[in-house]
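This report concerns only the one structure given below.
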Amino acid sequence: MTTIIPLPAFQDNYIWVLSQSDTPWCVVVDPGDASVVNDYLIQNEKKLLAVLITHHHADHTGGLMQLKQQWPELRIIGPTAEHARIPALTETVGDGAIVVLPQLKQQFQVIAIPGHTAGHIAFYSAPVLFCGDTLFSAGCGRLLEGEFSESAIKMYQSLQRLISLPETTEVYCTHEYTLANLRFALSIEPDNLDLQYYQQQCQVKRQNFKPTLPSNIGLEKKVNPFLRCNNKDLQLKHNQNSAQSLFAYLRMAKDQFKS
Ligand SMILES: [Zn+2]
């Protein structure tokens with residue numbers, strides 16, 4: 001049986017670990033901190049088979065050099081478009097590539113999702129989606145590279161690709177931003193009952209120190225304003241005449257939002 005658990009790191013990062021009960025091998029996603037991973041490996045008597053990297057930011061890649069030294073055979077798989085900024089990579093992959101992990105009888109499809117960074121990728125193996133800093137629960141990543149309007153179009157298109165996946169797709173993003181995202185989402189759609197209910201559920205989880213993640217695509221379509229830009233009422237309310245322009249408007253408004 002495959003299990004996926006979050007290792008909390010830094011303020012609000014999760015390093016996801018994929019493991020199986022009948023093999024010592026495991027895979028981690030975006031290990032910004034090697035010590036957190038090592039503690040897990042020791043406590044659970046696991047061996048590190050591979051690392052999946054969604055993009056080059058230090059809070060996703062900071063542990064790579066140390067892990068590589070400890071595990072000389074380690075596969076470190078990340079985006080071709082960002083290989084110059086992630087020197088530890090041993091394999092580079094782009095849109096449509098298939099990452100095969102025979103030891104775990106698992107394979108992931110690579111989906112290019114630029115926007116947060118220019119070369120950001122996701123790893124998808126139904127129903128599991130590791131999407132880094134692109135789709136968050138009730139939010140999306142900031143646009144940190146390139147010109148805002150161009151990056152906004154790319155991010156919009158990337159999110160469209162992700163929501164075309166089945167509604168049961170489990171969304172494993174890298175940050176516990178959900179409650180802050182929900183405050184913004186409710187400022188945009190205060191009357192959305194799904195949002196109100198979801199906020200209550202997430203508040204209880206956080207009060208009990210539980211992650212709000214993974215989310216899923218079906219839920220995100222109901223509560224995530226960045227996935228609801230084709231809603232004509234929302235467009236009208238914010239004086240926008242297309243889904244893309246509403247998306248750019250919301251992204252900018254979120255950047256300035258004080259919760
Ligand atoms: Zn990032």
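The values are calculated or read from the model by the stated rules, or taken from the named source; none is laboratory data. Note that the structure is predicted; figures quoted are calculated from it, not measured. All Cβ positions, even for glycine, are placed from backbone atoms using ideal geometry, and neighbour counts span all protein chains on display. The area values use the complete protein model at the heavy-atom level, side chains included, leaving out ligands, DNA and RNA. Shrake-Rupley method; radii C 1.70, N 1.55, O 1.52, S 1.80 Å.
Note on region 236-246: residues that are outside any helix (DSSP H, G or I) and buried (at least 20 other Cβ atoms within 10 Å of the Cβ) total 0.
Residues that are within 20 Å of Ala243 (Cβ to Cβ) and open to solvent by 70 Å² or more (accessible area, probe 1.4 Å) occur at least once in region 136-144. In region 38-49, is there at least one residue being β-branched (Val, Ile, Thr) and open to solvent by less than 30 Å² (accessible area, probe 1.4 Å)? No, every residue in region 38-49 fails to be β-branched (Val, Ile, Thr) and open to solvent by less than 30 Å² (accessible area, probe 1.4 Å). Those residues that are surrounded by 14 or more Cβ atoms within 10 Å (Cβ to Cβ) and acidic (Asp, Glu), I need them from region 180-204; list them, please. Selection gives Glu189 alone.
Out of Pro87, Pro114, Pro72, one residue alone is at negative phi, within 16 Å of the ligand (Cβ to nearest atom) and not in a helix (DSSP H, G or I). It is Pro114.
Annotation note: of Tyr249, Tyr177, the sole residue that is touching a Phe, Trp or Tyr at 6+ places or on another chain (Cβ under 7 Å) and open to solvent by 70 Å² or more (accessible area, probe 1.4 Å) is Tyr177. Only residues that are within 16 Å of the ligand (Cβ to nearest atom) and out of contact with any strand residue (DSSP E or B) (no Cβ under 9 Å at 6 or more places or on another chain) were counted across region 20-61, and they come to 1.
Residue pairs whose Cβ atoms lie under 8 Å apart, sitting 6 or more positions apart in sequence or on different chains, and linking a residue in region 25-51 that is in the same structural domain as Asn13 (by TED's automatic domain parsing) to a partner that is hydroxyl-bearing (Ser, Thr, Tyr) and in a helix (DSSP H, G or I), are Asp30/Thr61; Pro31/Thr61; Gly32/Thr61; Lys46/Tyr40.
Residue-by-condition table, conditions (1) closer than 29 Å to Thr2 by Cα; (2) away from the ligand (no atom under 16 Å from the Cβ); (3) assigned by TED's automatic domain parsing to the domain that holds Phe226:
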residue: Phe136; (1), (2), (3): yes, no, yes
residue: Glu145; (1), (2), (3): no, no, yes
residue: Gln160; (1), (2), (3): yes, yes, yes
residue: Pro166; (1), (2), (3): yes, yes, yes
residue: Thr174; (1), (2), (3): yes, no, yes
residue: Arg183; (1), (2), (3): no, yes, yes
residue: Leu186; (1), (2), (3): no, yes, yes
residue: Leu193; (1), (2), (3): no, yes, yes
residue: Gln201; (1), (2), (3): yes, yes, yes
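Does Leu41 fit the bill of being in contact with a Phe, Trp or Tyr (Cβ under 8 Å, 6 or more places away or on another chain) and either more than 20 Å from Leu135 (Cβ to Cβ) or among the hydrophobic types (A, V, I, L, M, F, W, C) (or both)? Considered against the rule, which asks whether it is in contact with a Phe, Trp or Tyr (Cβ under 8 Å, 6 or more places away or on another chain) and either more than 20 Å from Leu135 (Cβ to Cβ) or among the hydrophobic types (A, V, I, L, M, F, W, C) (or both), Leu41 comes out as no. Condition check for Pro31 on (1) open to solvent by 10 Å² or more (accessible area, probe 1.4 Å); (2) in contact with a Ser or Thr (Cβ under 9 Å, 6 or more places away or on another chain); (3) not acidic (Asp, Glu): one failure, at (1).
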